[in-house]
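Q: Please find one structure pasted underneath; my questions will follow.
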Amino acid sequence: MNGKIRKDRIAKYLIPKLEDEFLFDEFSDNYLNRCGLKDVLSGVPIPVKKTGIGDLSALNVAKNMAYVMGCDINFRYAESYTKYIKRVFKDGFVPYFLQQGVECAEKDDYEGACIFFRACIQIDPDNRDGFYCYGRACKDAYENGEEEEYVGRFKAESLEAFEHLTLMAKDFDKGFYFLGFGYLNLGLYIKAKLTWERFLELSADKDMREEIESLLDKLVEPCRIEEGYNAVISGRYEEGLDILETYKTDRRFNSWWPLRYYIGIAYKEVGRNSDAKNMFLETLKLSPSNIDAMKELVDIYSSDGDEKNAEKYRNKIRIVEGNIELDRQDRDKLQKHNDEQGNDKPYDGEAENDNTDNGEACKEKPASLLS
């Protein structure tokens, strides 16, 4: 077993499927000796579907193992399962399991597709199609999700999959195509621009090229605004203002609270406190729970000797922070309840959730699945 526990953003949504569908048992030593598998599976619990207890063919055993690994990437027997699958099926299992994931995606079962694709990239970490399909399935999951945390976790997982894909397959155009959309959704316009420019260097697909060229035309000003943000963040306040003030009254960007916020920061740093105060107040109209803007207002009001308004925003900060803490406690209670409900599970999973990260899925079959 690999002792390293990997953070898993979406385990909380997938592991319950495992607990609902499987029982665990062990093969006898006699059976393992006959099959030459004792070195791999001795003392290892084997997943058996509750609805298919009588069907323990080699293929079904492998499918069940892979499904478990896809639900829980930190499952303690994943290494043994991988050895079994590779010994029995050599290189033939991953393409088959990829196809299972594609079929789930075609039925709009995006979480199921994620499970299959996660298993594939555990068994074969160099499999390009596995990462591509996983990124797309996560993308579809969050685009069809509603709850904020769910959307955030699958969005982060999708972005990470496409980032990894572009590093491992530097000439694969569709990796850059989808990664660009991931950056765009996060407001990382310069990264989206650079990523799509690389896509255009690689792709010969006429329709996709036209789509991206049109989007790049629309990114010119958002990229310029992001340059202004970066100038302010880097302490080049006058340079940042030269860029950002151009867009302050532009109606196309009148809902962009970061534009107001960074103009406010720059004003404050160059001594224009009154203008800065107005920008932070506008920021709060667009983003009412923005603690950073409130803290800036506290500083400005305090420096102006206006303790009444300074205290007003201190109180607002305490209220917002208190609500955030209550939300965190509620999530912790729910997680504890779910953990307690799962204490009788027939395996000792070791999933760890990553709490720091808060479209069409793979309906197009990857090329390797068509050959």
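Q: Kindly provide the set of residues from segment 38-59 that are surrounded by fewer than 19 Cβ atoms within 10 Å (Cβ to Cβ) and within 30 Å of the chain's Cα centre (by Cα), ordered by number.
A: LYS49, the sole residue that qualifies.
Q: Can you tell me how many residues within segment 54-72 are not in a helix (DSSP H, G or I) and not hydrophobic (A, V, I, L, M, F, W, C)?
A: Quick first cut of segment 54-72, residues not in a helix (DSSP H, G or I) only: 54-57, 72.
Cutting the leftovers down to not hydrophobic (A, V, I, L, M, F, W, C) gives us 54-55, 57, 72.
The qualifying residues number 4.
Q: Any idea which of LYS268, LYS308, LYS316 is at negative phi and exposed (fewer than 14 other Cβ atoms within 10 Å of the Cβ)?
A: Numbers: LYS268 fails: exposed (fewer than 14 other Cβ atoms within 10 Å of the Cβ); LYS316 fails: exposed (fewer than 14 other Cβ atoms within 10 Å of the Cβ).
On inspection, the qualifying residue turns out to be LYS308.
Q: Now a separate question. Would segment 250-261 turn up any residue that is over 20 Å from LEU281 (Cβ atoms) and either assigned by the TED database to the domain that holds TYR301 or out of contact with any Gly (no Cβ under 7 Å at 6 or more places or on another chain) (or both)? Talk me through it step by step, then tell me what you get.
A: Initial filter on segment 250-261 (over 20 Å from LEU281 (Cβ atoms)): 252.
Next, only the ones that are either assigned by the TED database to the domain that holds TYR301 or out of contact with any Gly (no Cβ under 7 Å at 6 or more places or on another chain) (or both) stay: 252.
Yes, segment 250-261 contains at least one residue that is over 20 Å from LEU281 (Cβ atoms) and either assigned by the TED database to the domain that holds TYR301 or out of contact with any Gly (no Cβ under 7 Å at 6 or more places or on another chain) (or both).
Q: Please specify each residue of segment 194-247 satisfying the condition of being closer than 30 Å to ALA266 by Cα and of a type in the set (D, E, K, R). Reasoning before the result, please.
A: To start, the set of residues in segment 194-247 that are closer than 30 Å to ALA266 by Cα comprises 194-195, 215-247.
Of everything in segment 194-247, those that are closer than 30 Å to ALA266 by Cα and of a type in the set (D, E, K, R) turn out to be ASP217, LYS218, GLU221, ARG224, GLU226, GLU227, ARG236, GLU238, GLU239, ASP242, GLU245.
Q: Follow-up question, since we're still on this one. What number of residues in segment 247-264 are among the small types (Gly, Ala, Ser) and outside any loop (DSSP other than H, G, I, E, B)? Steps first, please.
A: Of all residues in segment 247-264, those among the small types (Gly, Ala, Ser) come to 255, 264.
Now narrow it down to the ones that are outside any loop (DSSP other than H, G, I, E, B): 264.
Adding up the residues that qualify gives 1.
Q: Quick one: in segment 77-104, of everything that is of a type in the set (Ser, Thr, Tyr) and in contact with a helix residue (DSSP H, G or I) (Cβ under 7 Å, 6 or more places away or on another chain), which residue is surrounded by the most Cβ atoms within 10 Å (Cβ to Cβ)?
A: Taking segment 77-104 first, the residues of a type in the set (Ser, Thr, Tyr) are 77, 80-82, 84, 96.
Pick out the ones that are also in contact with a helix residue (DSSP H, G or I) (Cβ under 7 Å, 6 or more places away or on another chain) and you get 80-82, 84.
Details: SER80: 21, TYR81: 25, THR82: 19, TYR84: 21.
Per the stated criteria, the residue is TYR81.
Q: Residues of segment 248-265 being crowded, with 19+ Cβ neighbours inside 10 Å and aromatic (Phe, Trp, Tyr), which ones?
A: TYR261, TYR262
Q: Another question, then. Of the residues that sit in segment 126-160 and are of a type in the set (Asp, Glu) and more than 8 Å from the chain's Cα centre (by Cα), which one is nearest to ASP173 (Cα to Cα)?
A: So the first thing to find is which residues in segment 126-160 are of a type in the set (Asp, Glu), and the list is 126, 129, 140, 143, 146-149, 157, 160.
Subsequent filtering for residues that are more than 8 Å from the chain's Cα centre (by Cα) retains 126, 129, 140, 143, 146-149.
Numbers: ASP126: 17, ASP129: 13, ASP140: 19, GLU143: 22, GLU146: 30, GLU147: 31, GLU148: 30, GLU149: 30 Å.
Of everything passing the filter in segment 126-160, ASP129 is nearest to ASP173 (Cα to Cα).
Q: Next question, about the same structure. Sort through ASP140, ASP217, ASP207, ASP171 and tell me the only one that's over 30 Å from PHE280 (Cα atoms) and outside any helix (DSSP H, G or I). Before you say what the answer is, go through the steps one by one.
A: On the way: ASP140 fails: outside any helix (DSSP H, G or I); ASP217 fails: outside any helix (DSSP H, G or I); ASP207 fails: outside any helix (DSSP H, G or I).
The match here is ASP171.
The values are calculated or read from the model by the stated rules, or taken from the named source; none is laboratory data. None of these values were measured; they are calculated from a predicted model. Don't worry about glycine lacking a Cβ; one is built from the backbone with ideal geometry, like all the others, and counts go over all protein chains shown.
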